[in-house]
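Accompanying notes for the structure given below.
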Amino acid sequence: MRAVGVYPQQREVRLIERVEPGIHGATDVKIRMLEVGVCGTDKELCAFVYGTPPAGSDHFILGHESLGEVSQVGSAVEDLKPGDLVVGSVRLPCPDAACQACRSHTQDFCSTGNYREHGIRSLDGYMADFVVEDRAWLHIVPRSLRDVGVLVEPLTIAEKGFHEAARVQSRLPWKPSCPKALVLGAGAVGLLGAMKATLEGFDTCIYSLQPEPNPSAAIAKAIGATYISSQEVAVDEMAAHLVHIDLVYEALGAAQLAFDVLKRLAPNGIFIFTGVPRAESLEPFDTAAIVTNLVLKNQAILGIVNSGRQAFTNAIRDLGIFHTRWPGALESMITGRFPMEEFLDPVMGRTGGIKNVIRIG
Ligand SMILES: [Zn+2]
Ligand SMILES: [Zn+2]
């Protein structure tokens, strides 16, 4: 079968031939991959910034944003049958008996750092014709989401972020009457975050570099959010326009902008970081003023990485809601579909667009 292999030591990424995997355990599920999404993580893996092959191998298969169709199930799998659609988990638990996070089935909070991640760290990914995975790490997707199911994994970030934020904000015994959310970045993670914020009742604004018109701004309009270009409107002016920012969902990986916006967060507000910053030299800033602000305004800062089972379940539910509520919006986020032979341009980031997808099956 075909697969996309990353060879970190040789610094090579290429289409490879691998033996088709088979069912061995009673809870194994064989999946014919349909589509795999490409994101900034894949670009960094293909630039060899990080990425670890499975033990004993010199390469790993790329891909963590999956959508596949079940082709065969082990004897103990009763709730899946050939033809069902599934999305695979990314992170699997570490083996450490003392890791309370992993032993509580919340490996996204793993504290030892010895977790494994499909297509990133010590586990092959999903950019292959076939994959075999244990039933425990698969999530069932309804057939109605066939064309957009590849967005489940990127949506899990927003699901975890908003779930955790709601838990933190339950410290406030009231609900703001018209809460405002500011989303930084209009890529797939930002747009899905904006959809989730809107669904949760926030008056949502997306703040991103590109001036209008552009495809992300059109999607923002379609979901009832505001779009403001950071090239046209400075942070102060944007913050003055919004008046009150209760929640910031950062999906950009730009540390300087994040700190500029953090200063404008409303009292009792929460700031969610999801992006890992690119190397950039920060302007010197007054750390004492930032800490004073956090203290005097009871603000919270939350970092979010990876997602657990509940986030996948919620993402599949909410993707269905988005699909019905904003027809065509999810579809227009997928701006490019490429055959596996042409994987290189999207994974190297040469194609542009919002979400590029490798079409496999
Ligand atoms: Zn990703
Ligand atoms: Zn762990």
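The values are calculated or read from the model by the stated rules, or taken from the named source; none is laboratory data. Since we're looking at a predicted model, the values are computed, not measured. Cβ sites come from the backbone with ideal geometry, for glycine too, and all protein chains shown count toward neighbours. All accessible areas refer to the heavy atoms of the entire protein, side chains included, with ligands and DNA or RNA removed. Shrake-Rupley method; radii C 1.70, N 1.55, O 1.52, S 1.80 Å.
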How many angstrom lie between the C-alpha centres of segment 239-264 and segment 163-186? 14 Å
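Summarise the accessible area of segment 108-241 (1.4 Å probe, protein heavy atoms) by the percent that is carbon and sulfur.
54 percent
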Over segment 258-300, give the accessible area per residue in Å² for a 1.4 Å probe, as an integer. 58 Å²
Pulled fully out, how much extra length does the chain show between GLN9 and VAL235, if you take 0.36 nm times their separation in residues and subtract their Cα-Cα distance? 77.1 nm
With charges only on Cβ, +1 for K and R and -1 for D and E, what is the dipole size of segment 46-136 about its Cα centre, in debye, rounded to 20? 300 debye
Where nothing but the Cβ of Lys and Arg (+1) and of Asp and Glu (-1) is charged, how large is the charge dipole of the chain around its Cα centre, in debye to the nearest 20? 600 debye
Largest-first principal axis extents of the Cα set of segment 1-106 (Å): 42, 38, 26
Can you list the aspartates and glutamates whose alpha carbon is less than 15 Å from that of LYS180, not counting same-chain residues fewer than 8 positions off? GLU200, ASP203, ASP246, GLU250
For the pairs LYS221/LYS297; LYS43/LYS196; LYS175/LYS297, flag any whose C-alpha to C-alpha distance is greater than 27 Å. LYS221/LYS297
Note the full-extension length gain between ALA55 and ARG171 as 0.36 nm times their separation in residues minus their Cα-Cα distance, in nm to one decimal. 37.3 nm
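Using the Cβ atoms and a cut-off under 9 Å, what net charge is assigned to the surroundings of GLY51, where Lys and Arg are +1 and Asp and Glu are -1?
Within the 9 Å Cβ shell, the charges total 0.
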Starting from 0.36 nm per residue, how many nanometres of slack lie between MET1 and VAL19 once their C-alpha separation is accounted for? 5.9 nm
Let me know the volume per residue of the alpha-carbon convex hull for the chain, in Å³. 152 Å³
For the chain, set up a Gaussian network in which alpha carbons nearer than 10 Å are linked by springs, and say which option among SER57, SER281, SER144 fluctuates the most. SER281
Please list, ordered by chain and number, the residues whose modelled amide H lies under 5 Å from the amide H of ARG337; skip anything fewer than 5 residues away on the same chain. VAL357
Once phi is turned into ³J(HN,Hα) by the Karplus curve 6.51 cos²θ - 1.76 cosθ + 1.60 with θ = phi - 60°, what whole-Hz value does each residue of segment 31-36 show in order, with x for glycine and proline? 10, 8, 6, 9, 9, 9
Net +/- balance of residues flanking HIS118 in space, Cβ distance below 13 Å, scoring K and R +1, D and E -1: -4
Size of segment 292-341 along its principal axes in angstrom, Cα-based, largest extent first? 52, 32, 24
Within 9 Å, Cβ to Cβ, of PRO154, how many net charges do the neighbouring residues add up to if Lys/Arg are +1 and Asp/Glu are -1? -1
Loop-located chymotrypsin sites (Phe, Trp or Tyr not before Pro) in segment 267-361 whose Cβ has at most 13 other Cβ within 10 Å (DSSP): PHE285
Distance between the C-alpha centers of segment 266-286 and segment 81-99? Whole Å please. 31 Å
Quick one: which residues, 5 or more positions from VAL141 or on another chain, have an amide H under 5 Å from its amide H? H modelled 1.01 Å from N in the peptide plane, none for Pro or chain starts. LEU85, VAL86, VAL87
Compare GLU35, GLU212, GLU133 in a GNM of the chain, Cα atoms joined below 10 Å, and give the one with the largest fluctuation. GLU212
